[in-house]
Structure formats: C-alpha cells, structure tokens
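The values are calculated or read from the model by the stated rules, or taken from the named source; none is laboratory data. Keep in mind it's a predicted model, so treat the numbers as computed, not measured. Note that we place each Cβ from the backbone using ideal geometry, even for glycine, and neighbour counts take in every protein chain shown.
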Amino acid sequence: MELTNSSWFQPPTLLLTGIPGLEAVQIWISIPLCVMYVIALLGNCTILFVIKTTSILHEPQYIFLSMLAATDVGLSLSTLPTVLSVFLLNYREIEFRTCLAQMFFIHTFSSMESAILLAMAFDRFVAICKPLHYTVVLTHPRIIGMGLAAVVRGVVLMAPLPILLKRLPFCKGVILSHCYCYHPDVMKLACGPVRVNIIYGLSLVLCSFGVDSVFIVFSYILILKAVLGISSGDGRLKALNTCVSHIFTVFIFYVPLIVLALIHRFGTFASVLLHVTMANLFLFLTPVLNPLVYSLKTKQIRSAVRKVFKSKGNLLK
C-alpha cells in the first residue's frame, strides 16, 4: 500500500496485528479464543434470559446485573469479527471507516460498563447502609433511568473520537498494535496535530472511568464503615459476602483497562508480549468471567439457571 503526498492522506485500509512472532500458530490460538467468545456470549445471554424469565430476580441488583451482561455481549460482538478474522482466517485488513466504527463501539460499551459498575456499587451501598430505604430509593423507573444515563453518556462522550481522528492525516504507517481498533493505537498513526485528540482522550478517561472509579471506592469506604458497625461477626461476613462478586468484577475491569492505557502512554518501555496480553485481557476478562463469577457466587442465579436447564431437559425427553 503506497502513501500519497497529500497532506490529508487517509489510508483506505489499516492492518491489524495478532501476536508478533507467533503467526505460524495463530490458527491454534484461535481455538481458545473461540471458546472464550462462546463462554462470554452464552454465559451473558444465559444471565439475561434467566433474569428476564425468573420473577424473583426482578430486583435492583439483578436488573443491574442484566445491564452488565448486555454490555458485555455488546463488547464481545464489537471485537469478535476482527479478532477471529486475524487469528482464524489470518485476514488482517480492516477498512478505515469500519475501524473507526469498531473503535466507537468498543469505547462506548467500555464507558457503559464503567457506569453500570458504579450503579451496582450504589446498589450495594443502599442495600447495606440504608436497607430500610432500599425499595424506596431503587425503584424500577430510577433503575431504568440510570441505565439510560449510562448509554447516553457513553454515546455522547465517545462520538467525537472518530470525528476527531477523521480530520487527521495518516502517514506513519497502517499497522495497528492489536487485533481490534483502539483510539490511542489509531491515533499513533496520525502525523497531523493530535493535541486536541490527546486532551479529549485524557478528559474522557478522567470524566468517565476516573470519576466512576473514585465514586466506587468512596461507596466501598462507606460500606466498610457500615459493616464494621455491625456487632455480629456473622452479620459482617454476610454483608461483605454480598459485595464480593461486584468487587471482583470491578478489579477485572479496571486493572487491564488502566494497564493498557499506561502501555499506550509509555509504550516504549513495555514489551510487545505485554501489549498483546493486556489488550486481550481487556477484551476477554470481564465478558468471560462476569457470568461465571455471578453464577458461582450468587445462590439465586445458580438456582434459577439450574431450573431453566432442568426444564429444558424435561422438554427434550
């Protein structure tokens, strides 16, 4: 692919990257990737179906869980075409506008997931610190409003990203660092003034992920204070046990996201393997583990899943 002398050159296609040095065995790597996609999609769709069809699960914490599962399905579907085309078919090209669209959906669903994790932290705060006001505070209209706010915030904040990139000339190559389009990765290929992109990208991180994480931490400080005020040891353990799944989900979402952002900011000091590992953890960790964590840790979810599969088994007999 030849670069033109035009100061506003935009490549018709970009090249995605799998795992450098392991191109010969990428077909084998595609097998566990396919398995993880199946687990992510099947697991989260099962969570959605079980919550929708089980009346006792129409409570605030499970409605938030269904929002989280829907977001994970969206994130998985956003990356699935390019990841499998690279590893399974060894097809690396992606049309420039398609790349921008994928980048928008990946960042939008990530922002939505962060907002939903904050809403789930608020749910746990109200349940533990204000249990008598739980049903009054977290009404269904208010929960739906919080979900819509997460969607609107994600769309509004991330919509300028492809617009800002589209105005730039690209003359530093066409090879991306990952098997999907990620804003800092695409921005590195631009040779025009990227100051606005950098400032806006940093503002996005601070205004969405940064603010969400601060409020999540603040919520758990208040939760911990309330739990320590419970006189019974069993009562303290029971209260904390209701938060374990959410705490684990927060960690597996934010840690890869933070590390991946730092790698792109200080990439010259990181190995290629670390780049690839963190990129793939960001892709697969939350969509794959979230349904497993909540299914294993939440008795009501486990019971509802067993009933669904048992009824399906009886119908097949």
Fill in: Tally, over region 1-22, of residues that are out of contact with any Lys or Arg (no Cβ under 6 Å at 6 or more places or on another chain) and modelled with pLDDT of 50 or more
13
Practice prompt. Only one of these is small (Gly, Ala, Ser) and part of a helix (DSSP H, G or I): Ser219, Ser177. Name it.
Written response: Ser219
Practice prompt. Could you tell me whether Ile106 is assigned to a helix (DSSP H, G or I) and more than 27 Å from Leu204 (Cβ to Cβ)?
Written response: no
Practice prompt. Look through Leu206, Leu202, Leu157, Leu168 and report the one residue that is surrounded by 14 or more Cβ atoms within 10 Å (Cβ to Cβ) and assigned to a helix (DSSP H, G or I).
Written response: Leu157
Worksheet item: What residue, of Thr108, Thr82, is touching a residue at least 24 places away in the same chain (Cβ under 8 Å), surrounded by 15 or more Cβ atoms within 10 Å (Cβ to Cβ), touching a strand residue (DSSP E or B) at 6+ places or on another chain (Cβ under 8 Å) and on the phi < 0 side of the Ramachandran plot?
Response: Thr82
Practice prompt. Would you point out which residue out of Cys129, Cys179, Cys99, Cys171 is more than 29 Å from Gln26 (Cβ to Cβ) and in contact (Cβ under 8 Å) with a residue 12 or more places away in the chain?
Written response: Cys129
Fill in: Cβ pairs under 7 Å, 6+ apart, first in region 142-159 and small (Gly, Ala, Ser), second surrounded by fewer than 17 Cβ atoms within 10 Å (Cβ to Cβ) and part of a helix (DSSP H, G or I)
none
Worksheet item: Can you name every residue in region 115-150 that is surrounded by 18 or more Cβ atoms within 10 Å (Cβ to Cβ) and either charged (D, E, K, R) or more than 19 Å from Ser219 (Cβ to Cβ) (or both)?
Response: Asp123, Arg124
Worksheet item: Taking Ala70, is it among the small types (Gly, Ala, Ser), part of a helix (DSSP H, G or I) and modelled with pLDDT of 95 or more?
Response: yes
Fill in: Residue check, Phe218 touching a helix residue (DSSP H, G or I) at 6+ places or on another chain (Cβ under 6 Å), modelled with pLDDT of 85 or more and surrounded by fewer than 16 Cβ atoms within 10 Å (Cβ to Cβ)
no
